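Visitor: To start, I am sharing the structure in question, which I have written as C-alpha cells.
The values are calculated or read from the model by the stated rules, or taken from the named source; none is laboratory data. As the structure is a prediction and not an experimental result, all values here were calculated from the model. All Cβ positions, glycine included, derive from the backbone under ideal geometry; neighbour counts span all protein chains shown. Surface areas here come from the heavy atoms of the whole protein model, side chains and all, with no ligands, DNA or RNA. Shrake-Rupley method; radii C 1.70, N 1.55, O 1.52, S 1.80 Å.
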Amino acid sequence: MKFLVFSDSLDVSKQILSFLNGKGETRLLSPREDNSLRGYGASEIVLLKGSLTIDSVSEFILKEFAGSFDYLIIASTSLGRDIAGYISEKMNVTVAHEVFSIAFKDGKIVTKRFDLGGKVVIEEESSAKIVTVLPGISEGTPSGSNSPVRVVEIPAGKVRVVSVEPKKGKEVELEKASIIVSVGRGLGKKEGLQQIEPFAKKIGAEIAGSRPVCLDYHWLSEDRQVGYSGRKVRPKIYLALGISGQIQHIAGMRDSKIVIAVNKDKNAPIFQECDYGIVGDLYTAVQKISSYL
Amino acid sequence: MPYNIVVLVKQIYDLELVKINSSTGEPVLEGVPFRFETLSKNAVEEAVRLKEKHGGKVTAILFGNDKGTQVMKEAYAMGVDEGFVITGYQEGNVALTARVLAAKISQIPHDIVLLGNQSADSMSGLLGGKISAILGLPYVSNALKLEASGQKITVESAGEAENMKVEADLPAVVSVSQEINEPRFPPVMQIIQAGRKKMNVEQAQIRVESGIKVLSRLAPKSERKKVIFDDMDKGAQEIAKVIKEVTK
C-alpha cells in the first residue's frame, strides 16, 4: 500500500509515520521544517513552503495524490480537517474522520472514533480513501531512517496571506507530561492556583484545567484545556481536583494510566472514572498529600 | 456596504442528558432533547454583529429534523432574519450534509457564509472544506477575528503553530472558533417575538450514500479501580504512595 500523509503537527507526523511503518510506502507532506522528522521511516518528506492556505495546499495534495497513492492520511488539526473536507469533495471519496484506531482489511478500512461528545465509540467499516487521525495513533517511535527531503513552493490560491504570526508563548506540551494536575470549577477562584502550583512543582507536574476553567473563567490559558474539544492527554498520573467529570472532560484524559480525583461531591461522575479518589476539600487534600510525600 | 450573510446552524443532542443502557452499553437517545450546537451559536453571533455593523440580512439554515424549529427560534431571537429548517439529516453522513447545505446556499443570495469550525458532538470539522469545494468559494477557517470591507474580508485564522492573517474576495466561506465572540443572551421580548416569526421547513431532496457501515456504537468500558476514600487522611496517604511510586 502507498500512503500520502499530511500533518502540520510535528508530534502527530511522527506518530502517523511510526504507525504506518511496515504497512507500505509513505510520503510525508509537512509545512513544518524539522530535521527530526527524517528518522521515522518516510520514503520521502516534502517540505511545503509558500502559500499555506487551505485551498492552495489542497490543490497541491490533489495533484500529488492522483494515481499514485492508496490512502491520504491527515493529522486532525484545524488545517488538516479543512483540507480533508475540501479534497474529499474534489475527489468524491469518503472520509473516515477523527479516528484513533485503523485496520486495513481487503481494500476496506475499519476505524474507531468517539461520538456524542465522547460518550460512545463508533466502530465502522468504510471504503474511505481519506482518514483524519487524532493524536496518539502510536507512540511515535523513531525507525532509524534518514528520509530524503524535497522542498516545494506552493503557489497562491484564492485566499491571500497578509501576515503570519507564531503563536504567543511557549507551547505547553501537555501531551508529553508524565504527571498532570488538573483543576476544575471546584477551585472556586483563580487565586486558588497559588496553592496548587507549589504542589504541582513538587511532583513535577504540568497544570491543566477543565473547559469552564480555561474557556469560561480564563483562570488558565486555553491551551491548557483538557477535554474532547481540547487537549487529549495520557500521563502516568492524572490528578483531577474539583473536576466533576463531565464526558467532555473524560474524553480528553481517558487514556491516562492512573487517575486520581478529589471532589466534595461524592456523586460526582469523576469517581466512576478514577483509580483513587478522596471525597472532600481539594485544598486540604493537596496539603495532606503533599505532607506525606 | 450591506451584506447577505448565510449562517449554518446545527442542532445536537443535549449530550449531558444522553444516558448509557447499562446492560447493552448503547446510548439511549429516545426522548433526549436537542440543543443549539456550541460553535453554531458563535457563528450566528458573528453573523448578527456583521449585520449590525454593515446592514444587510442574516439567513440561517439548519439541516436536522422537525425538532430543529426550536433551535431556529433561538437563532431568530439572537437576530437572524429568516430561517430554513431542512429535514432528513443522517448521523455520520457528512457528504450528505455538505451537499444539502451547499444546494440551499446556492439558492440564497450570499456574500459571507458562516459556520462553526467543529461541532461539539462528532467534531468532524469537514463541513467548511466540503462546502467551499462544492460552491467553488474561498474558504478561511478557525477565525479569531473577522472584518468585512467592500468586496473583501480580512480574517485572523488560528493554526497549529502560528496564526495567519488572510484576505479573500467575497463571496467566501468562513468557519469561526469559540474565541471569536461571546454569544448574546437575547432579551425575553425578542424570544417571545421570535416564536411568532415565520419559518421555512422543507424536506431534503438530495440522496448521498455515506460509504460507511457502522459496526458498533458502544460506551467505552471504564476499567478504573475506583478506590474512594471518605477519610481524607487515609486517602492522602494512599495517594502519596501512588505518586511516590511513579516519581521515584
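Visitor: Where in segment A:76-136 are there strands (runs of 3 or more DSSP E), lying fully within it, with 1 or more residues that are in contact with a Lys or Arg (Cβ under 8 Å, 6 or more places away or on another chain), within 7 Å of chain B (Cβ to nearest Cβ) and open to solvent by 20 Å² or more (accessible area, probe 1.4 Å)?
Guide: A:120-126
Visitor: Hey, can you tell me all the residues within segment A:18-34 that are modelled with pLDDT of 95 or more, under 30 Å from A:VAL162 (Cα atoms) and not in a strand (DSSP E or B)?
Guide: Once the filter is applied, which keeps residues that are modelled with pLDDT of 95 or more, under 30 Å from A:VAL162 (Cα atoms) and not in a strand (DSSP E or B), segment A:18-34 yields only A:PRO31.
Visitor: Something else: Identify, please: which residue in segment B:165-179 is open to solvent by 20 Å² or more (accessible area, probe 1.4 Å) and in contact with a Leu (Cβ under 7 Å, 6 or more places away or on another chain) and is, among those, farthest from A:THR77 (Cα to Cα)?
Guide: Residue satisfying both the conditions and the ranking: B:PRO171.
Visitor: Separate question: Limited to segment A:211-221, what total is found for residues that are open to solvent by less than 10 Å² (accessible area, probe 1.4 Å) and under 30 Å from A:SER138 (Cβ atoms)?
Guide: Count: 1.
Visitor: Restricting attention to segment A:53-75, and to residues there that are out of contact with any helix residue (DSSP H, G or I) (no Cβ under 7 Å at 6 or more places or on another chain), outside any helix (DSSP H, G or I) and modelled with pLDDT of 95 or more, which single residue is surrounded by the fewest Cβ atoms within 10 Å (Cβ to Cβ)?
Guide: Among those that are out of contact with any helix residue (DSSP H, G or I) (no Cβ under 7 Å at 6 or more places or on another chain), outside any helix (DSSP H, G or I) and modelled with pLDDT of 95 or more, it is A:ASP70.
Visitor: Take the residues in segment B:149-164 that are open to solvent by 40 Å² or more (accessible area, probe 1.4 Å) and outside any strand (DSSP E or B), then tell me which one is farthest from B:PRO109 (Cα to Cα).
Guide: Among those residues, the one meeting the criterion is B:GLU160.
Visitor: Kindly indicate whether any position in segment B:122-132 is open to solvent by less than 40 Å² (accessible area, probe 1.4 Å), within 23 Å of A:GLY230 (Cβ to Cβ), more than 7 Å from chain A (Cβ to nearest Cβ) and of a type in the set (Ser, Thr, Tyr).
Guide: Scanning segment B:122-132, I find no residue that is open to solvent by less than 40 Å² (accessible area, probe 1.4 Å), within 23 Å of A:GLY230 (Cβ to Cβ), more than 7 Å from chain A (Cβ to nearest Cβ) and of a type in the set (Ser, Thr, Tyr), so the answer is no.
Visitor: Just to check your reading of the model, which residue among A:SER43, A:SER13 is surrounded by 24 or more Cβ atoms within 10 Å (Cβ to Cβ), in contact with a Ser or Thr (Cβ under 7 Å, 6 or more places away or on another chain) and modelled with pLDDT of 95 or more?
Guide: A:SER13
Visitor: Considering only segment A:233-274, state which residues are at the interface with chain B (Cβ under 7 Å from one of its Cβ atoms), open to solvent by less than 10 Å² (accessible area, probe 1.4 Å) and without any contact (Cβ under 8 Å) to a residue 24 or more places away in the chain.
Guide: Across segment A:233-274, the qualifying residues are A:VAL259, A:ILE260.
Visitor: Quick one: B:ARG35 ticks every box in (1) of a type in the set (D, E, K, R); (2) in a helix (DSSP H, G or I); (3) out of contact with any Pro (no Cβ under 8 Å at 6 or more places or on another chain) except a single one, so which number is it?
Guide: (2)
Visitor: A further question follows. Test each condition in (1) free of Cβ contacts under 8 Å to residues at least 60 places away in the same chain; (2) facing chain A (nearest Cβ under 8 Å); (3) within 24 Å of A:GLU59 (Cβ to Cβ) for B:LYS226 and report the one that comes out false.
Guide: (3)
Visitor: Also: Tell me, which residue of segment A:176-207 that is basic (Lys, Arg) and part of a helix (DSSP H, G or I) is most open to solvent (accessible area, probe 1.4 Å)? Spell out the reasoning first.
Guide: Our first condition is that a residue be basic (Lys, Arg); within segment A:176-207, this holds for A:176, A:185, A:189-190, A:201-202.
Adding the requirement that they be part of a helix (DSSP H, G or I) leaves A:176, A:185, A:190, A:201-202.
On the way: A:LYS176: 128, A:ARG185: 138, A:LYS190: 101, A:LYS201: 170, A:LYS202: 118 Å².
Here the residue is A:LYS201.
Visitor: Specify the residue that is nearest to A:SER126 (Cα to Cα); the eligible residues are those in segment B:89-114 that are more than 18 Å from the chain's Cα centre (by Cα) and of a type in the set (Gly, Ala, Ser).
Guide: Selected residue: B:ALA103.
Visitor: Would it be correct to say that B:LEU96 is of a type outside the set (Gly, Ala, Ser), crowded, with 21+ Cβ neighbours inside 10 Å and either within 21 Å of A:GLY117 (Cα to Cα) or touching a Ser or Thr at 6+ places or on another chain (Cβ under 9 Å) (or both)?
Guide: no
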